[in-house]
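Here the structure comes first, spelled out in structure tokens, and everything after it is commentary.
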Amino acid sequence: MGFCRTYIETQEITAAIAVELLIDGMNLDGEWCRTHFHASQIDELNFALRLVKGKGSRIADFSPNEVTCFIVDHQDAQRIRKIPGFSQIDEEN
């Protein structure tokens with residue numbers, strides 16, 4: 001959210017790239033954005049949603065990836081979205 005604000009205020013391209021990398025790397029979607037952005041952050045939300053909408057266009061034609069330019073398939077996407085350490089806690093109990 002901070003990089004979204006930075007980009008909106010300064011048009012600094014590195015801030016936009018940081019947001020894009022986060023969205024693609026974590027496979028964030030519109031639902032996640034609407035849940036985590038505060039209602040007062042409408043400009044930030046709209047910027048993030050534009051980047052979410054363009055995730056598919058950032059996958060190179062020669063890439064085997066199906067989800068984002070960083071995430072190969074839907075199984076990978078599910079693993080990434082899990083809370084770190086959650087699996088280990090369940091296995092111990």
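The values are calculated or read from the model by the stated rules, or taken from the named source; none is laboratory data. Quantities reported herein were computed from a predicted structural model and do not represent experimental measurements. Cβ placement follows ideal geometry from the backbone for every residue including glycine, while neighbour counts extend to all protein chains displayed.
Looking at the range 36-46, which of the residues that are over 27 Å from residue 72 (Cβ atoms) and within 16 Å of the chain's Cα centre (by Cα) is surrounded by the most Cβ atoms within 10 Å (Cβ to Cβ)? Working first, answer last.
Taking the range 36-46 as the starting set, the residues that turn out to be over 27 Å from residue 72 (Cβ atoms) are 37-46.
Then drop every residue that is not within 16 Å of the chain's Cα centre (by Cα), which leaves 37, 44-46.
Values: 37: 19, 44: 21, 45: 19, 46: 13.
Top of the filtered list is 44.
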(request) For residues that are surrounded by fewer than 11 Cβ atoms within 10 Å (Cβ to Cβ) and assigned to a loop (DSSP other than H, G, I, E, B), tally how many sit in the range 1-35. (result) 1
(message) Here are the criteria: (1) under 21 Å from residue 80 (Cα atoms); (2) touching a Cys at 6+ places or on another chain (Cβ under 8 Å). Tell me which single one residue 41 does not satisfy.
(response) (1)
(request) Go through the residues of the range 36-55 one by one and say whether even a single one is in a loop (DSSP other than H, G, I, E, B), modelled with pLDDT under 90 and closer than 17 Å to residue 3 by Cβ. (result) no
